[in-house]
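As structure tokens, the structure follows; a few thoughts come after it.
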Amino acid sequence: MIDVPPTIALRGLRKRFGERVALDGVDLMLGGAQLVGVVGPDGAGKTTLLRALAGLLEVEAEEARVLGYDLRGDVRELKREVGYVPQAFSLPRDLSVIENLRFTARLHQIDTHELERRAAELLQRTGLAPFTDRPAGALSGGMKQKLALSCALLPDPALLLLDEPTAGVDVVARDEIWAMLHARRGATLILISTSYLDEVASCERLLYLDAGRVVALGTPEELRTRVALELYRAWGDDPRAIARAARALPYVDDARAVGRFARIEVHRARTPGAAHVLRDLAALPADVRVAERAPVDMEATLLELARGPNP
Amino acid sequence: MSAPIIAVRGLTKRFGQFTAVDHLALRVDPGTIFAFLGANGSGKSTTIRMLIGLLRPTEGEIELDGVDVIREPRRVRDRIGYMGQKVSLYQGLSLRENVEFYAGLVGLAGAELERRWGALRERFALGDAEREHAGNLPAGVRQRAGLALATLHHPRVLFLDEPTAGVDVHNRAVFWDLIQEEAAAGVTVFVTTHFLEEADYCDWAAFIDAGRLIANAAPEELRRRYSPGYRVRVEVPPGGLAAAASALRSAGFTWQAEDGTAELSTPTLDAGALAALERLTDAGARVHIEQPALADVFRQLVAEQRRA
């Protein structure tokens, strides 16, 4: 058996910006062709980690290898092999859609025939085909992001790093971006940061960062079952009134109206047991018609991970 | 029905040949949270700029809290608060200095400012951030500070343009608690977002596409029209479903039953449907309800629009 080195091998990765410690000893081994969501609270270090992996930062570490290159050494070759989409749109705005693709192809020495073939496919998939002559700066937010992703995919990168590519993007354009990512499934290791819960749930694995460290790495299902929360739903005609009343229960951590139900979180350390909770909910001084225990969702999972191990 | 606090008729904005907003008609009831939704480039921000008197429409009428916004754009300024995705704070000033600067613009000073800001600082959990340079504030705190500044002068209507973009899930939840408190205190909130689950925290949702209104209803009504409806899984004791069958049928449910469990569906979960489910649980059934996601409602709407 050939021992394939992992695409990403980090031990004790640190990055400081002046006084501020952005990455505080990241340990991470990742390989294979999988779609990994990078999640965590604002300021957790998600952007810094993605930039470091793209070879854009000087870092300290005991080990820091990406695609076999040492992040502490010469990273020029690494930068050519990585596809990176930064948070802020960074392509030349006065170049048209097709000119941006040609420009990217030239940087990566992709020949004309190959460029035509790949560009046609990407334009088709993104729905950008009717807009090839439009300057990048004149595209809508969603189209800009699809172009940025197309340029990142054009050289067929071995590693794709996407920093909130769907922030401020509407749901239909998000679906198109995700269709492009799913099409790469099994071909490339993809790291993507996102704040959308549906996107988090559709990643194969999640890398949860907090305060510059890796707090958890696992499938969404593994993280979901790990959190010490119970979730309840109380349905009725006035879910806001139900949520207010539920907050008064001594063991309830949070309650909020969502459409026709109140979503109620109870920490496992405080729960009096599901039967007791359901009885209390039915007896609230608000008109609860149906109360049920619900599976822990992605929102509860992320909120609980953010609260940390000590409730 | 109370008089609307915002009434828009025939609102149109053309930029040369391009029609950004096309004969828009909206009415917003006071004290409600109004979600204004649409794809990138559909005309949301252009509409908001007209509603707050920053951009003159090509055609149409806008009345806000009794003021004709097109004829007297300056008169609406003290009735409204605005914050966008990029909160406008002076980066080199502390949050406190930003507050004082902004308070000066709206004529708030001295003991009155202390009282108002003190209350907001407490409620919005901004005490720790007060001395920080605005440029150093984390995204969630910055957005809360933006909302505090936008409400400093007690506006009647708050316009929030993608206020939670780029904000983490915890801070989004905190932010929406604050918005709902404002609405409960009588403030009208007009908000855009691409986190479509947030429309479920709103009383009303309008969708625009290519500058035209394509849906305008309460979230529950949008679900009824543009989703396959609620799905309900019921674990029933023997005979439980048969006893409730006529009540379920008259409440609009259809179902498929197999030994011990039943899959019910209903286009909407109104009071009658909830009462029928309540009767099932009283008879010892366990009920699990799936609410259609508003993201799917939006997908369906856009798909229908593109077919038309």
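Computed from the coordinates by the stated procedures, all read-outs in this text should not be read as laboratory data. As the structure is a prediction and not an experimental result, all values here were calculated from the model. Every residue, glycine among them, receives a Cβ derived from its backbone with ideal geometry; neighbour counts consider all protein chains shown.
A few notes on this one:
- Cβ-Cβ contacts under 6 Å between residues 6 or more apart (or on different chains), taken from a first residue in segment B:282-308 that is touching a residue at least 24 places away in the same chain (Cβ under 8 Å) to a second residue that is of a type in the set (A, V, I, L, M) and part of a loop (DSSP other than H, G, I, E, B), are listed as B:Ala285/B:Val236.
- Subset of segment A:279-311 that is assigned to a helix (DSSP H, G or I) and more than 34 Å from the chain's Cα centre (by Cα) - its residue that is surrounded by the most Cβ atoms within 10 Å (Cβ to Cβ): A:Leu281
- Single residue of segment A:55-82 satisfying the filter (closer than 15 Å to A:Leu28 by Cα and in contact (Cβ under 8 Å) with a residue 60 or more places away in the chain) that is surrounded by the most Cβ atoms within 10 Å (Cβ to Cβ): A:Val66
- Of note, B:Leu280 satisfies the criterion of being at the interface with chain A (Cβ under 9 Å from one of its Cβ atoms) and not acidic (Asp, Glu).
- If only residues of segment A:168-197 that are part of a loop (DSSP other than H, G, I, E, B) and more than 11 Å from chain B (Cβ to nearest Cβ) are counted, the one that is nearest to A:Leu147 (Cα to Cα) is A:Arg184.
- Once segment A:201-241 is narrowed to residues that are assigned to a helix (DSSP H, G or I) and within 12 Å of chain B (Cβ to nearest Cβ), the residue that is farthest from A:Val26 (Cα to Cα) is A:Ala241.
- Residue check, B:Thr151 in contact with a strand residue (DSSP E or B) (Cβ under 6 Å, 6 or more places away or on another chain), of a type in the set (Val, Ile, Thr) and touching a residue at least 12 places away in the same chain (Cβ under 8 Å): yes
- Single residue of segment B:164-190 satisfying the filter (surrounded by 23 or more Cβ atoms within 10 Å (Cβ to Cβ) and more than 12 Å from chain A (Cβ to nearest Cβ)) that is farthest from the chain's Cα centre (by Cα): B:Thr188
- Residues considered: B:Val76, B:Val21. Of these, the only one that is in contact (Cβ under 8 Å) with a residue 40 or more places away in the chain and either hydroxyl-bearing (Ser, Thr, Tyr) or not in a loop (DSSP other than H, G, I, E, B) (or both) is B:Val21.
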